[in-house]
Amino acid sequence: MESFYIVGRKRLEGEVEIDCAKNSLLPIIAGCIMVKGEVCLENVPKYSDVLAMKKIVEHLGGKVRFESGRFTNDNLIIDCRDVVYSDVPNELACSVRSSIFTLGPILSRKGIAKVAFPGGCDIGLRPVDIHISALKQLGCKVVDKNGYIYADGGKRREGDVMLSFSSVGATENIMMFAVLGSGQVRIFNPAREPEIVDLQNFLNSCGAKISGAGSNLIVIEGVKRLHGCSYHAISDRIEAGTFLIAGAMLGKKMVVKNVKPKHNQALLTKLSKTACKMDVQDDRITISGSPHLQSFGEIETAVYPGFPTDLQAQMCTLASVCEGYSLIIENLFESRFKHIGELLKMNCDIRCKNGVCIVKGKEKIYGADVNATDLRGGASLVLAGLVAEGYTTVNNIGLIDRGYYKIEDKLTALGGDIKRIKCEKKVDNCS
Ligand code: UD1
C-alpha cells in the first residue's frame with residue numbers, strides 16, 4: 001500500500017511535459033493483437049493500465065517489452081506474429097476496463113473470442129451491451145455466460161452498424177473488428193473523441209483503410225493483413241487538464257507542454273471564467289492562478305467535444321476554492337461522485353443529489369487523511385491536497401497510477417511538496 005503525503009499551498013512554477021494519452025495507448029495496444037509484424041510505440045509511460053494490457057497481450061502469445069529510446073519514457077515493442085490464444089481470463093480482465101478492447105481484435109484475427117467481463121474503476125455499471133449489439137449487427141454470434149463473452153465472428157464482416165449511444169469503447173472495438181476482412185463496414189453515430197482519431201491513424205499506419213474518425217460516420221474497408229510500424233500516440237488531454245486545473249489554483253507562470261489546446265477546449269472555456277491567466281499557444285499553455293478565483297459557473301459532462309467526464313472530479317476541487325457557487329452535472333457515469341465524500345473531509349462545501357452537485361467555494365480548505373476512490377477521483381484529492389492548508393495523506397494511490405505516471409515527480413519539479421510513502425497496514429499510521 002502506498003500513499004501520497006502532501007504539504008499544501010506551495011505555488012507551482014516551471015514546466016511540465018504531458019505524457020502520451022492512456023486512453024489512446026490502451027486500444028492501440030489491443031489493436032496490436034491483429035498486427036503480423038513488430039510495432040514500436042514511442043515514449044510510453046508505465047501507467048499500471050498499460051502494464052495490465054501488456055500482460056493480456058503476453059497471455060495471448062504476443063511478445064511485449066520496454067526498450068529505451070530517444071524519449072523520456074521507454075518505447076513499447078509489441079510483436080504479435082505468434083498470437084495463438086483467443087481467450088482473456090477473468091484474472092487478467094478484472095484489473096482493467098480496457099480488457100474489453102481485446103474482443104474486437106481477437107475476433108478479427110482468430111475468428112472466435114472468449115473474453116471475461118472487464119474490471120476497471122468503480123464509477124458506475126459500465127455495461128457492454130452496445131459493444132455486443134454492434135458485433136451482432138455485423139453478423140457475429142455473441143453469448144454471455146458465467147462472466148465471459150463468447151463470440152464467433154462469422155464470415156460477413158461487412159455492413160452498417162448503428163450505435164445507440166456514441167460509446168468510446170464500442171466504437172473502438174468495432175473499428176478494430178472490421179479492420180481485417182474483405183468488405184466495407186460503416187459505423188453510424190460513433191464516438192468522436194481524439195483518441196478514436198488516434199486509433200484510426202495508428203491502424204492506418206499498419207496498413208488499415210479507415211476514414212472518418214472524428215466525424216459522425218466511420219468507414220472501414222477491410223484489408224488482408226496489418227504490418228508493423230512505429231507510432232507516437234497523442235498527448236493525454238486528461239493529464240493536461242489536471243495540471244491546468246492545478247495551475248489555475250496555484251500556478252505562477254506554470255507551463256504545460258505537449259498539449260493540444262483544441263482537445264481541451266471545453267476545459268479552457270471554463271477556466272477562462274475563473275480569473276486565472278492563460279497564454280495558449282500551439283503546443284503549450286502557460287497558466288497563472290489568481291488569489292481570487294471566480295466560479296466557472298456550470299459544467300455538464302458530455303461526449304466529446306463536450307466537457308469530459310474524466311475531468312469532472314478535478315473540477316469539484318477547483319470549484320471548492322473559487323468564490324461563489326458552481327454547478328456540476330455528471331451525465332455519463334451514475335456513481336462518479338465518490339470523491340465528494342473525501343473532499344468533505346477537507347472542509348469542502350458540496351451538496352450532491354441525482355448526479356448534480358452544488359459546490360460553494362471556500363476561502364480555504366484543510367488537509368486531511370483521504371482515500372482515492374477511483375483514478376480521476378484520486379487526482380481530485382491530490383489537487384485538493386496541493387491547495388489545502390496543512391498536510392494531506394491520499395491513500396489507495398494505486399488507482400491514480402492507472403493513468404498518471406509519476407505524478408509526484410512532475411509536481412515536485414514544479415515546486416509542489418508531495419511524497420510517495422509506504423503504508424504497512426493501516427492507512428491511519430502513514431504519517
Ligand atoms: C472511455 C474512457 C473513459 C471515459 C469514457 C467517457 C478509455 C480507456 N476510457 O471509457 O476514460 O471516461 O470513455 O468519455 O478510453 N455504455 C453503455 N453500454 C456500453 C458501453 C457504454 O451503456 O456497451 C455507457 C456507459 O455506461 C457510459 C457511457 O455509455 O454511461 C459512455 O461509455 P463509453 O464511452 O463506452 O466509455 P468507455 O469506453 O468505457
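The values are calculated or read from the model by the stated rules, or taken from the named source; none is laboratory data. Keep in mind it's a predicted model, so treat the numbers as computed, not measured. With ideal geometry, Cβ positions are generated from the backbone for all residues, glycine too; neighbour counts draw on all protein chains shown. Protein only, heavy atoms only, side chains kept; ligands, DNA and RNA dropped before computing areas. Shrake-Rupley method; radii C 1.70, N 1.55, O 1.52, S 1.80 Å.
In table form, for the structure just shown:
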read-out	value
Some residue of segment 26-48 being among the acidic types (Asp, Glu) and in contact with a helix residue (DSSP H, G or I) (Cβ under 8 Å, 6 or more places away or on another chain)	no
Residue 204 open to solvent by 10 Å² or more (accessible area, probe 1.4 Å), more than 16 Å from the ligand (Cβ to nearest atom), over 23 Å from residue 140 (Cα atoms) and not hydroxyl-bearing (Ser, Thr, Tyr)	yes
Residue within segment 347-369 that is in contact (Cβ under 8 Å) with a residue 60 or more places away in the chain, surrounded by fewer than 24 Cβ atoms within 10 Å (Cβ to Cβ) and within 29 Å of residue 97 (Cβ to Cβ) present	yes
Sole exception among (1) open to solvent by less than 20 Å² (accessible area, probe 1.4 Å); (2) in contact with a Leu (Cβ under 7 Å, 6 or more places away or on another chain); (3) not basic (Lys, Arg) for residue 103, by number	(2)
Hits in segment 161-179 (condition: within 8 Å of the ligand (Cβ to nearest atom) and assigned to a loop (DSSP other than H, G, I, E, B))	165, 166, 167
Options 145, 141; residue that is more than 30 Å from residue 404 (Cα to Cα), assigned by TED's automatic domain parsing to the domain that holds residue 187, away from the ligand (no atom under 16 Å from the Cβ) and at pLDDT below 95	145
Qualifying position, being at pLDDT 95 or above and either farther than 29 Å from residue 351 by Cβ or outside the structural domain of residue 317 (by TED's automatic domain parsing) (or both), among 420, 376	420
Unmet criterion (only one of (1) assigned to a loop (DSSP other than H, G, I, E, B); (2) in contact with a helix residue (DSSP H, G or I) (Cβ under 8 Å, 6 or more places away or on another chain)) for residue 207	(2)
Number of the exception - residue 127 against (1) open to solvent by less than 70 Å² (accessible area, probe 1.4 Å); (2) within 11 Å of the ligand (Cβ to nearest atom)	(1)
In segment 186-201, the residues that are open to solvent by less than 10 Å² (accessible area, probe 1.4 Å) and more than 16 Å from residue 167 (Cβ to Cβ)	198
Sole exception among (1) assigned to a strand (DSSP E or B); (2) more than 17 Å from residue 303 (Cα to Cα) for residue 182, by number	(1)
Verdict on residue 228 being surrounded by fewer than 19 Cβ atoms within 10 Å (Cβ to Cβ) and either more than 16 Å from the ligand (Cβ to nearest atom) or outside the structural domain of residue 315 (by TED's automatic domain parsing) (or both)	no
Listing of strands (runs of 3 or more DSSP E) fully contained in segment 255-314 that carry 1 or more residues being open to solvent by less than 50 Å² (accessible area, probe 1.4 Å) and either in the same structural domain as residue 361 (by TED's automatic domain parsing) or of a type outside the set (A, V, I, L, M, F, W, C) (or both)	284-288, 298-300
Residues that are assigned to a helix (DSSP H, G or I) and of a type outside the set (Gly, Ala, Ser), drawn from segment 4-35	22, 23, 25, 26, 27, 28, 29, 32, 33, 34
Test: residue 291 is at pLDDT below 95, of a type outside the set (Ser, Thr, Tyr) and either away from the ligand (no atom under 16 Å from the Cβ) or under 18 Å from the mean Cα position of the chain (by Cα) (or both)	yes
Filter pass, residue 136 being open to solvent by 30 Å² or more (accessible area, probe 1.4 Å), free of Cβ contacts under 8 Å to residues at least 12 places away in the same chain and assigned by TED's automatic domain parsing to the domain that holds residue 89	yes
Elements of type helices (runs of 4 or more DSSP H) contained in segment 339-417, each with 2 or more residues being under 29 Å from residue 48 (Cα atoms), within 16 Å of the ligand (Cβ to nearest atom) and under 25 Å from the mean Cα position of the chain (by Cα)	375-387, 398-401
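Yes or no, residue by residue, for (1) at pLDDT 95 or above; (2) under 26 Å from residue 231 (Cβ atoms):
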residue: 71; (1), (2): yes, yes
residue: 77; (1), (2): yes, yes
residue: 84; (1), (2): no, yes
residue: 94; (1), (2): no, no
residue: 106; (1), (2): yes, yes
